[in-house]
Amino acid sequence: MKVVHSFADARSAARYSRDGGGGKIGLVPTMGFLHEGHLSLMAQARRECGVVMMSLYVNPRQFNQSSDFDIYPRSFDRDRQLAAEAGVDVLFAPPTEEVYQPGESIMIEPGAVAASMEGRHRPGHFQGVALVVAKLLAGLGAERAYFGRKDAQQLAMIRQLTHDLCFPIEIVGCPTMREMDGLALSSRNFLIPAEHRETALGISRGLERAGRAVEAGERSADPLRRLVTATPASLEWQYVELADQHDASLLRTLDRPSFLAVAAKVADVRLIDNLFFDRCPDGLKVDRGIRLEAPSLLYQ
Ligand code: AMP
């Protein structure tokens, strides 16, 4: 695995690997502190592409609170080893001076797709995500880029960005990986105090109640939203919404491919999770993601 720190070196390293082996260049953007969610994206890229590039950059522009940026977990050596084991060919780990250069003035306003849910609760977040993702998509020469369904609204925003800015890149959405107890994997899980773990599980259990109701025929958003929050756990809910998979607009009825998304705080750690509802030959299918069969490597 080649480790590079500039866009130019990343492009030539990927081109060099490709000239040797052929196939498409697949990009997996991450903020590091890798877990099985990230690794599943890399595994899918490995299966589908000739060259796998991973970017590792904790983007300060997408943190609407600098305290959140400061405590975001980081561990470069660990990430480098895990990426190499996952079959990554090129690890792009730029310093901030490479990503944001003096004299820049262009900003990206993602518009309606970013207006609700995360966009409403984290002002400026999606503008920061859009700018860094646009730089990665434009600057690295990948033909496919892999993103998790875990960040459902982000995935919709990135599809819209790719379409609107005419990037010749295919965006691939991958299932949410969960810990053995159902908690959606996130680098932030590492920050949840052990005594609050049970409270955090209220999120995935609430979604599971709603998922079962959908399977039993419920199609109205309000009862589904109430089922999610019907838990004794003392969670600080920020939102529970049903949204269109395509443009993230809020829905009152589950009548198209959509997702039920939540954000909640547990002991000051902000967590998000969702269920996807996909079309299938006999109607709708609930995508709950995939549970690990062993404890996550986050805790090793
Ligand atoms: P992050 O490092 O949190 O910015 O995430 C990098 C990529 O990994 C994004 O596309 C996320 O959606 C994806 N991701 C994060 N957590 C998970 C998960 N539990 N399952 C699948 N993908 C994930």
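Taking S187 as meeting all but one of (1) among the hydroxyl-bearing types (S, T, Y); (2) within 15 Å of the ligand (Cβ to nearest atom); (3) at pLDDT 95 or above, write down the number of the exception. Unmet for S187, out of (1) among the hydroxyl-bearing types (S, T, Y); (2) within 15 Å of the ligand (Cβ to nearest atom); (3) at pLDDT 95 or above: (3).
Out of all the residues in region 85-103, which are in a helix (DSSP H, G or I) and farther than 14 Å from H38 by Cβ?
Of the residues in region 85-103, the ones in a helix (DSSP H, G or I) are 85, 96-99.
Those that are in a helix (DSSP H, G or I) and farther than 14 Å from H38 by Cβ: T96, E97, E98, V99.
Scanning region 13-43 for residues that are more than 10 Å from the ligand (Cβ to nearest atom) and either without any contact (Cβ under 8 Å) to a residue 40 or more places away in the chain or closer than 21 Å to L292 by Cα (or both) returns Y16, R18, D19, G20, G21, G22, G23, A43.
Quickly run through region 255-269 and pick out the residues that are buried (at least 18 other Cβ atoms within 10 Å of the Cβ) and either β-branched (V, I, T) or touching a residue at least 24 places away in the same chain (Cβ under 8 Å) (or both). Even if it seems obvious, please write down each step before you answer.
Filtering region 255-269 down to residues buried (at least 18 other Cβ atoms within 10 Å of the Cβ) leaves 258-264, 266, 269.
Result: F259, L260, A261, V262, A263, A264, V266, V269.
Quick check on region 217-236. Is at least one of its residues surrounded by fewer than 21 Cβ atoms within 10 Å (Cβ to Cβ) and in contact (Cβ under 8 Å) with a residue 40 or more places away in the chain? Checking region 217-236: not a single residue is surrounded by fewer than 21 Cβ atoms within 10 Å (Cβ to Cβ) and in contact (Cβ under 8 Å) with a residue 40 or more places away in the chain.
Does S67 qualify as being over 21 Å from A145 (Cα atoms) and either in contact with a Ser or Thr (Cβ under 6 Å, 6 or more places away or on another chain) or in contact (Cβ under 8 Å) with a residue 40 or more places away in the chain (or both)?
Values: over 21 Å from A145 (Cα atoms): yes; either in contact with a Ser or Thr (Cβ under 6 Å, 6 or more places away or on another chain) or in contact (Cβ under 8 Å) with a residue 40 or more places away in the chain (or both): no.
So S67 fails the test.
Considered as a group, the residues in region 177-202 that are within 14 Å of the chain's Cα centre (by Cα) and among the aliphatic types (A, V, I, L, M) include one that is nearest to I71 (Cα to Cα), and that residue is L185.
Residues of region 110-158 being touching a strand residue (DSSP E or B) at 6+ places or on another chain (Cβ under 9 Å) and assigned to a loop (DSSP other than H, G, I, E, B), which ones? Hits for region 110-158 are S116, R122, L140, G141, A142, E143, R149, K150, D151. In region 78-101, the residues that are within 21 Å of V52 (Cβ to Cβ) reach residues that are among the polar types (S, T, N, Q) with C-beta atoms within less than 6 angstrom, at least six apart or across chains, in these pairs: D89/S17; F92/S55; E98/S6.
The values are calculated or read from the model by the stated rules, or taken from the named source; none is laboratory data. Everything quoted here is computed from the prediction, not taken from an experiment. Every residue, glycine as well, gets a Cβ built from its backbone with ideal geometry; the counts of neighbours run over all protein chains shown.
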